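Each remark here refers to the structure printed beneath this line.
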Amino acid sequence: MKNIILKTSSFILVLFQAIIMEAKTNPPQPNPNGRTNNGLPPPPPGMPLDTNLVFLLALAIVLGMYLIYKNSLNTKTPI
């Protein structure tokens, strides 16, 4: 049990570090005039989830397959 918690927590830590590093590498550039769109508020930024949606779906499918496989190995089936 301790091994599973260690693996899961280390995976989550690495995942969060990758997300934070991606956010730090692409800061928005300031406008030299100090204003955008003639005084109108700036448009909302693009969501980072949109670009990685296919990757997240593939990862969810692989994780689901892994969990189903591990659960099927742990259950006793009659011979």
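The values are calculated or read from the model by the stated rules, or taken from the named source; none is laboratory data. The model shown is predicted, which means the values in this text are computed figures rather than measured ones. No Cβ is skipped: glycine too gets one built from the backbone with ideal geometry, and neighbour counts run over all protein chains shown. Side chains are part of the model used for accessible areas, which takes the heavy atoms of the whole protein and leaves out ligands, DNA and RNA. Shrake-Rupley method; radii C 1.70, N 1.55, O 1.52, S 1.80 Å.
Surface calculation, 1.4 Å probe, protein heavy atoms: residue 72 sits at approximately 60 Å² accessible.
Using a Förster distance of 22 Å, how high is the FRET efficiency between residue 68 and residue 8, based on the Cβ-Cβ distance and rounded to 0.05? FRET efficiency, residue 68 to residue 8: 0.80. Whole-Hz Karplus values for the range 12-17 come out as 5, 4, 5, 4, 5, 5 Hz, taken residue by residue from phi with 6.51 cos²θ - 1.76 cosθ + 1.60 and θ = phi - 60°; glycine and proline positions read x.
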